[in-house]
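A.B. asks: The structure that follows is given in the form of structure tokens.
The values are calculated or read from the model by the stated rules, or taken from the named source; none is laboratory data. Model, not experiment: these values are computed from the prediction. Backbone-built Cβ (ideal geometry, glycine too); neighbour counts: all protein chains shown.
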Amino acid sequence: MNIINLLNYGSRELQGNNITSYKIDSELLLARVLRKTREEIIINSEEKVSDKKTQEFFNLINRRSKREPIAYIFKEKEFWSKKFLVDKNTLIPRPETELLVEKILKFFPNKRLNILDIGTGTGCVIISILSELKRSKGIGIDLSQEAIKVAKLNAIKHKLTRRVIFKKKNLEDNFNKKFDLIVSNPPYIMKKDLRNLQDDIKKFEPKLALDGGNDGLDVIKKVIYKSIKLLKINGILALEIGNGQYKQVSKILRSNNFILKELVKDYQENIRCIISTLKN
């Protein structure tokens, strides 16, 4: 078979399984198999493909047809113009979280910071921040030891092992230092809503990184309460939240002596991140 035949086959199979991004996914999967760019396979659409590569492509199309995310198939995801290793133990980095990184960097241009990333997952947030703030150091913590393994590999990949430490740690544990910046993208989905998530998320992404408890605020509250003890004077808490949670989370912050400094909207104009600091 040639490239165009395979692309058409892949698109039909994915569309038949209700994959809305069927065309681009088919192109991405075949490009991966052939070790070419999407542009190259489109330009060379009449090129013949070996039986071995054809079978590899069929296997990947079958996996994607079962709703396995492209990021897990490729074992990587781009974030902040960098490629991060991902696996079934880590949440897939989202473009909306890049907005949080962007806002943090505007608050702290060229500063020397001690940073804590709570619920670090792949480590993409703290690694991205540290890649820009060359004089800063940080710690990333997560409840999942398997996620910590992935984060450590990403620190090696991005040559940041001297400036970031990743640990399996619970918020109830003791910390022996305070931080200029605490950043967190915690689980914030209400338990009853987990069943309504897309199959790509529900069937494949780790529940530990999604389940925010009955009201979606269980972990958010813990992060806020711990930050009271761990933030330095004038330190910043940068928190990603779910749709519709702004009023509840801002109320919790204010009732715990935090001042809201900035709100960050996502691409759908929903308030996605809250930047706050403790009153002196």
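A.B. asks: Given the conditions (1) in contact with a Ser or Thr (Cβ under 9 Å, 6 or more places away or on another chain); (2) more than 20 Å from Asp266 (Cβ to Cβ), which single one is not true for Pro109?
C.D. replies: Of (1) in contact with a Ser or Thr (Cβ under 9 Å, 6 or more places away or on another chain); (2) more than 20 Å from Asp266 (Cβ to Cβ), only one is false for Pro109: (1).
A.B. asks: Output the residues belonging to the range 44-54 that are surrounded by 12 or more Cβ atoms within 10 Å (Cβ to Cβ) and in a helix (DSSP H, G or I).
C.D. replies: Hits for the range 44-54 are Lys53, Thr54.
A.B. asks: Would you pick out the residues in the range 147-191 that are surrounded by fewer than 18 Cβ atoms within 10 Å (Cβ to Cβ), assigned to a strand (DSSP E or B) and in contact with a strand residue (DSSP E or B) (Cβ under 6 Å, 6 or more places away or on another chain)?
C.D. replies: Within the range 147-191, Ile165, Lys167 qualify.
A.B. asks: Pick from Ser227, Ser250: which is polar (S, T, N, Q), at pLDDT 95 or above, closer than 20 Å to Leu278 by Cα and surrounded by fewer than 18 Cβ atoms within 10 Å (Cβ to Cβ)? Break it down into steps so the answer makes sense when it comes.
C.D. replies: Numbers: Ser227 fails: surrounded by fewer than 18 Cβ atoms within 10 Å (Cβ to Cβ).
Going through Ser227, Ser250 in turn, the sole match is Ser250.
A.B. asks: Could you list all residues from the range 230-247 that are buried (at least 17 other Cβ atoms within 10 Å of the Cβ), of a type outside the set (S, T, N, Q) and assigned to a loop (DSSP other than H, G, I, E, B)?
C.D. replies: Ile241, Gly242
A.B. asks: Taking the range 207-224 as the search range and keeping residues that are surrounded by fewer than 20 Cβ atoms within 10 Å (Cβ to Cβ) and of a type outside the set (A, V, I, L, M), which one is farthest from Leu99 (Cα to Cα)?
C.D. replies: The qualifying residue farthest from Leu99 (Cα to Cα) is Asn214.
A.B. asks: For the range 94-137, name all the residues that are of a type in the set (S, T, N, Q) and either outside any strand (DSSP E or B) or surrounded by 24 or more Cβ atoms within 10 Å (Cβ to Cβ) (or both). I'd like the intermediate steps shown before the answer.
C.D. replies: Step one: of the range 94-137, the residues of a type in the set (S, T, N, Q) are 97, 110, 114, 120, 122, 128, 131, 136.
Once the filter is applied, which keeps residues that are of a type in the set (S, T, N, Q) and either outside any strand (DSSP E or B) or surrounded by 24 or more Cβ atoms within 10 Å (Cβ to Cβ) (or both), the range 94-137 yields Thr97, Asn110, Thr120, Thr122, Ser128, Ser131, Ser136.
A.B. asks: Let me ask something else. Which residue pairs have Cβ atoms under 6 Å apart, sit 6 or more places apart or on different chains, and have a first residue in the range 260-280 that is under 15 Å from Glu96 (Cβ atoms) and a second that is among the hydroxyl-bearing types (Ser, Thr, Tyr)?
C.D. replies: That search, which allows pairs on different chains as well, returns Ile271/Tyr246.
A.B. asks: Quick one: Ala71 ticks every box in (1) closer than 26 Å to Lys229 by Cβ; (2) not in a strand (DSSP E or B) except a single one, so which number is it?
C.D. replies: (1)
A.B. asks: A further question follows. Among the listed residues Glu68, Glu39, which satisfies the condition of being more than 18 Å from Ser184 (Cβ to Cβ), acidic (Asp, Glu) and exposed (fewer than 13 other Cβ atoms within 10 Å of the Cβ)?
C.D. replies: Working: Glu68 fails: exposed (fewer than 13 other Cβ atoms within 10 Å of the Cβ).
Unique residue meeting the criteria: Glu39.
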